[in-house]
Amino acid sequence: MIQIAIAGSSDTKPLPKAVEKTKEFIKELAKYKDTVILLTGGRRGIMEIASREFAKFGGIVVGILPERQKGNEFNTIRIRTGMDFAERSAIMINSADVLVVLGGGIGTMVEALMAYDYSKALVVVTDTGYPSDRLELLALNGYFDHKKLVQVQFTKSGKEAAKLALELAK
């Protein structure tokens, strides 16, 4: 099984562009639901939208939750880590074959940088309206720093992000 993690805003009312791109991403990813497990932070916002859509198509969603939170109702499996947000993110990213950023703020950007630091394949969806769109400005020639740990893939398309994630996860 391929484990694809997402990072996204926990806003209760996520930005419309990010919602649209998340649904587009999941619709494409769901074509591979028999070979893909979706890992999320398990909470609200973009995470909940992605979880709901993937579950709707019959996919398995693993919510890796901070502290002892219950998370959203669309988690097929809930892992209550008892850990803070950053520690929870480390578990999610280390468990993933690839991380896809679907738009968010500081938590989402920290997860993207963490994935890069762990040399995890990384896809960033841009033009979401969130600050994470600016990650592309940090990536000189596709890398966040001089170490060139992993080339970051950027796309404006949720569908393309799914295709890239599947390709990178192999």
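Determine the pairs where a residue that is on the phi < 0 side of the Ramachandran plot and without any contact (Cβ under 8 Å) to a residue 24 or more places away in the chain, located within the stretch 148-170, has a partner that is in a loop (DSSP other than H, G, I, E, B) and surrounded by 15 or more Cβ atoms within 10 Å (Cβ to Cβ) with Cβ atoms under 9 Å apart, the partner being 6 or more residues away or on another chain. Listed pairs, sorted by first residue: Gln151/Ala139. Is it the case that the stretch 12-25 has a residue that's of a type in the set (Phe, Trp, Tyr) and either more than 20 Å from Ile93 (Cβ to Cβ) or more than 15 Å from the chain's Cα centre (by Cα) (or both)? Taking every residue of the stretch 12-25 in turn, none turns out to be of a type in the set (Phe, Trp, Tyr) and either more than 20 Å from Ile93 (Cβ to Cβ) or more than 15 Å from the chain's Cα centre (by Cα) (or both). With a requirement of 2 or more residues that are farther than 18 Å from Ile2 by Cα and touching a Phe, Trp or Tyr at 6+ places or on another chain (Cβ under 7 Å), the helices (runs of 4 or more DSSP H) lying completely within the stretch 46-160 that satisfy it span 46-56, 106-117, 135-138.
Considering Leu164, Leu135, Leu168, which residue is open to solvent by less than 40 Å² (accessible area, probe 1.4 Å) and within 25 Å of Asp34 (Cβ to Cβ)?
Step by step, each of Leu164, Leu135, Leu168 is checked, and only Leu164 is open to solvent by less than 40 Å² (accessible area, probe 1.4 Å) and within 25 Å of Asp34 (Cβ to Cβ).
Scanning the stretch 91-108 for residues that are open to solvent by less than 40 Å² (accessible area, probe 1.4 Å) and either more than 16 Å from the chain's Cα centre (by Cα) or farther than 14 Å from Ile37 by Cα (or both) returns Val101, Leu102, Gly103, Gly104, Gly105, Thr108.
Scan the stretch 1-14 residue by residue and report those that are in a strand (DSSP E or B) and open to solvent by less than 40 Å² (accessible area, probe 1.4 Å). Listed by number, the residues that qualify are Ile2, Ile4, Ala5, Ile6, Ala7.
Only one of Arg68, Arg88, Arg80 is open to solvent by less than 50 Å² (accessible area, probe 1.4 Å), in contact with a strand residue (DSSP E or B) (Cβ under 7 Å, 6 or more places away or on another chain) and of a type in the set (Lys, Arg); which?
Checking each option against the conditions leaves just Arg88.
Quickly run through the stretch 19-44 and pick out the residues that are hydroxyl-bearing (Ser, Thr, Tyr) and in contact with a Gly (Cβ under 8 Å, 6 or more places away or on another chain). Answer for the stretch 19-44, where residues must be hydroxyl-bearing (Ser, Thr, Tyr) and in contact with a Gly (Cβ under 8 Å, 6 or more places away or on another chain): Thr22, Thr40. Just one of the listed residues (Ala18, Ala30) is touching a Phe, Trp or Tyr at 6+ places or on another chain (Cβ under 8 Å), touching a residue at least 24 places away in the same chain (Cβ under 8 Å), closer than 15 Å to Thr155 by Cβ and of a type outside the set (Phe, Trp, Tyr), namely Ala18. Of all residues in the stretch 1-49, those that are farther than 22 Å from Asp84 by Cβ and among the aliphatic types (A, V, I, L, M) total 13. The single residue among Lys31, Lys17, Lys27 that is at pLDDT 95 or above, farther than 23 Å from Leu168 by Cα and part of a helix (DSSP H, G or I) turns out to be Lys17.
The values are calculated or read from the model by the stated rules, or taken from the named source; none is laboratory data. The shown structure was predicted, so the numbers you read here are calculated from the model rather than taken from an experiment. With ideal geometry, Cβ positions are generated from the backbone for all residues, glycine too; neighbour counts draw on all protein chains shown. With ligands, DNA and RNA removed, areas are computed over all heavy atoms of the protein, side chains included. Shrake-Rupley method; radii C 1.70, N 1.55, O 1.52, S 1.80 Å.
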